[in-house]
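Written out below as structure tokens is the structure these notes cover.
Read-outs: derived from the displayed coordinates by stated rules, not from any lab. Note that this is a predicted model, so its numbers are computed, not measured. Every residue, glycine among them, receives a Cβ derived from its backbone with ideal geometry; neighbour counts consider all protein chains shown.
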């Protein structure tokens with residue numbers, strides 16, 4: 001079924017709604033409401049366009065933001081969990097590990113090591129052919 | 001046996017603008033952002049579906065990039081003329097991506113059109129390169 005421009009704009013509006021509000025407690029009613037579509041109709045259309053359900057997209061968005069925050073200093077794991085919209089540290093940690101292969105703290109440690117090495121020895125991150133060719 | 005492509009250089013005329021386009025607008029992830037002793041910035045990003053393929057956002061106009069002035073000028077001319085067609089991005093839905101990026105102020109050379117291989121539009125990165133943005137036909 002061909003989607004109209006109006007429907008595309010509504011679906012995109014809903015995606016942007018998730019992008020801008022993922023840190024709050026939002027559900028399918030809020031998201032479909034932002035597109036002025038019924039829950040059922042919206043769920044089907046969003047999934048058709050983005051090849052994942054609104055809930056899968058919301059979860060992915062939260063986990064991606066969590067990774068970004070874990071790569072920085074200043075926030076505890078609990079703070080990161082709350083900041084990206086999870087209510088339970090346990091479910092956040094379990095989901096994080098399932099999606100990334102590491103627990104949040106381990107991910108943070110790896111990111112810290114990489115950043116330290118990047119600052120101290122940047123050439124380790126550049127293939128030698130680039131260093132030679134561009135005299136870096 | 002060659003198995004895959006891990007790095008691709010993409011000459012850009014402004015690294016900060018390139019960062020904004022690829023990271024903030026397209027949603028690519030920064031892989032490495034390191035400053036060399038001479039001030040040269042090594043900046044690479046990866047697309048969400050290809051985390052092992054680093055795109056090097058190479059500053060074509062920087063005096064620190066090791067290229068001689070003639071080469072820098074030639075690259076600058078090509079980028080300023082928009083003559084660098086760089087590749088193809090794949091998207092789950094061309095029209096939705098087009099609408100979203102247009103709303104974010106991204107410039108396009110062409111709107112989504114049906115092609116025999118899918119739906120395609122042409123996007124400018126704002127740093128001298130254009131890409132096809134393609135939604136492949138479902139098999």
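Measuring between their Cα centroids, region B:81-139 and region A:61-132 lie 31 Å from each other.
Size check on region B:7-136: the Cα extents along the three principal axes, sorted descending, read 46, 29, 25 Å. The Rg/Rh ratio of chain A, with both radii computed over alpha carbons and Rh defined as the Kirkwood radius, is 1.13. When peptides A:28-35, B:30-37, A:116-123 are sorted by average Cβ neighbour count within 10 Å, with the highest value leading, the order is A:28-35, B:30-37, A:116-123.
Peptide A:41-49 has a mean shielding of 1, counted as Cβ atoms of other protein chains within 10 Å of each residue's Cβ. Peptide A:125-134 shows a mean partner chain C-beta count of 4 within 10 Å per residue C-beta. Secondary-structure-derived ellipticity at 222 nm for chain A, considering helices only, amounts to -21500 deg cm²/dmol, per-run term -39500 (n - 2.57) for DSSP H runs with n ≥ 4. The Rg/Rh ratio for the protein assembly as shown, using Cα coordinates for both the radius of gyration and the Kirkwood hydrodynamic radius, is 0.99. Considering only alpha-carbon pairs that sit under 8 angstrom and 6 or more positions apart, the relative contact order computed for chain B is 23 percent. As a test of the formula, what do you get for chain B when each DSSP H run with n ≥ 4 contributes -39,500 (n - 2.57) and the sum is divided by the residue count, at 222 nm and rounded to the nearest 500 deg cm²/dmol? Mean residue ellipticity at 222 nm (helix-derived): -5500 deg cm²/dmol.
The packing ranking of peptides B:18-25, A:125-132, highest mean first, is B:18-25, A:125-132, where packing means the average number of other beta carbon atoms within 10 angstrom of each residue. Counts of other chain beta carbons within 10 angstrom of each beta carbon in peptide B:92-101 average 6.
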